[in-house]
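Read the structure below first, then the notes.
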Amino acid sequence: MVTLVDFQKLLYQATDLHQLEKALTLGLKPFNITYFAFTYYTRHPNSINKLKYEFSSHDYKAWHQYYLSEHFEDVDPTMNDIIKSNLPIFWDVAHQLAESKNEKQYEMRSAAMKFGLEKGLCIPIHGPLEDFAILVVAQGKGQNCMENWQTIAADLLAMSHYYYHYLKNILIKKQTGKVSYSLTKRQQQCLALLAERASVLDIAKTLHITERTVNHHIQKINKILGTNNKHQSVAKAITKNLIQI
């Protein structure tokens, strides 16, 4: 059985997204959870250029991709509730179907039932840079993993935050690996965080360096990219496809 400590070790040892996603799959296995998805947004889920990363299990993938392709997050009341919450929110599809307030919500719930979903938990993660992530775990037909969801909610909440932390680290490394112009690794990290609208203080806290050091890196970035300020540096990096937002 994979304990929370074991799960953290697996995440720590992961060097790419595949290993990270394998760790999440193994971490949820003791709870008999096979329907799950982790979705990460750089901004509010209803904003433009929002979705940055998503991973779903084999059992959940068809529904999750359909949910995203139909933009159901824009009309999903549960999504609105979870954005305002710091704690897991339980849902029951049959109950939600009966509570549908419009045709689009009814369509969404009906589709969920056709895909075999019955109930589940949405677990929110609110990042320091206005970013947002959700771990969704669900119960499908013939399963009972959500029958005593109160007893596992705390563990799932901790696991989601661990996963978010290590996901962010790998995404930053993946993104900055594309940057050329002879930028150092630390300069690449600063540029990637600037693109996410992080302040100098935010960057300092994230990278565990001083604000003075951050400003020094920004000055170096501007010089290397031939720009006058950090905003121009980010704009040039995006134009040159050096970073993505």
Using θ = phi - 60° and the Karplus curve 6.51 cos²θ - 1.76 cosθ + 1.60, what whole-Hz ³J(HN,Hα) does each residue of segment 78-94 get, with Gly and Pro shown as x? 5, 4, 4, 5, 6, 5, 8, 10, 10, 10, x, 10, 8, 9, 10, 4, 4
With all protein chains modelled, accessible area of LYS22 [1.4 Å, Å²]: 130
Okay, helix-only estimate at 222 nm for the chain: each DSSP H run of n ≥ 4 adds -39500 (n - 2.57), divide by all residues, round to 500 deg cm²/dmol; what do you get? -16000 deg cm²/dmol
log₁₀ of I(q)/I(0) at q = 0.10 Å⁻¹ - the chain, Debye sum with one point per alpha carbon: -0.54
Per 5 angstrom bin, beginning at 0 and ending with the bin that holds the maximum distance, the Cα pairs of segment 1-137 fall in percents of 2, 9, 18, 23, 21, 15, 8, 3, 1, 0
Please calculate the 1.4 Å probe accessible area of ASP6, with all protein chains present, and give it to the nearest 10 Å². 60
Could you please put TRP63, TRP149 in sequence from largest to smallest accessible area, using a 1.4 Å probe? TRP149, TRP63
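May I ask you to give the average projected area over all directions of the convex hull of the Cα atoms of segment 94-165, in nm² rounded to one decimal?
If you wrap the Cα atoms of segment 94-165 in a convex hull and average its projections, you get 6.1 nm².
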Would you mind calculating the relative contact order of the chain from Cα pairs under 8 angstrom and at least 6 residues apart, reporting the percent as a whole number? 17
Contour minus Cα-Cα span, ALA235 to ILE209, at 0.36 nm per residue, comes to 6.9 nm
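Convert 10 °C to kelvin, take the viscosity as 1.306 mPa s, use the Kirkwood radius over C-alpha pairs of segment 77-205 as Rh, and evaluate the Stokes-Einstein diffusion coefficient in µm²/s, rounded to a whole number.
Values: Rh = 17.2 Å.
Answer, rounded: 92 µm²/s.
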Degrees separating the helix 230-239 axis from the principal Cα axis of the chain, which is the longest one: 70
Take the cross-link list LYS52/LYS240; LYS168/LYS236; LYS29/LYS84; LYS84/LYS141; LYS185/LYS236 and give me the ones stretching past 25 Å between alpha-carbons. LYS29/LYS84; LYS84/LYS141
Of the convex hull drawn through the C-alpha atoms of segment 180-245, the volume per residue in Å³ is 71
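With every protein chain kept in the model, how would you rank TYR162, TYR41, TYR67 by accessible area, 1.4 Å probe, largest at the top?
Values: TYR162 75, TYR41 5, TYR67 30 Å².
Heavy-atom accessible area, descending, gives TYR162, TYR67, TYR41.
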Once the dipole of the chain is set up from charges on Cβ (+1 Lys and Arg, -1 Asp and Glu), the residue from the list TYR41, VAL200, TYR12 lying farthest towards its positive end is VAL200
FRET E, pair GLN13, GLU99, Förster distance 51 Å, beta-carbon r, rounded to 0.05: 0.75
Between the helical axis of 4-13 and the dominant principal axis of the chain, each derived from Cα atoms, what acute angle in degrees is found, rounded to the nearest 10? 40
Sorted by chain and then number, the residues having a modelled amide H within less than 5 Å of the amide H of GLN139, at least 5 places away or on another chain, are GLU118, LYS119, GLY120
Compute the helix-to-body angle for 211-225: its Cα long axis versus the longest principal axis of the chain, expressed 0 to 90° and rounded to tens. 70
So for GLU103, GLU70, GLU211, what's the accessible-area order with a 1.4 Å probe, most first? GLU103, GLU211, GLU70
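The values are calculated or read from the model by the stated rules, or taken from the named source; none is laboratory data. Just so we're clear, the structure is a prediction, and the values are computed from it rather than from any experiment. Reconstructed Cβ throughout: ideal geometry from the backbone, glycine too, with neighbour counts over all protein chains shown. Heavy atoms of the whole protein, side chains included, go into the accessibility calculation; ligands, DNA and RNA do not. Shrake-Rupley method; radii C 1.70, N 1.55, O 1.52, S 1.80 Å.
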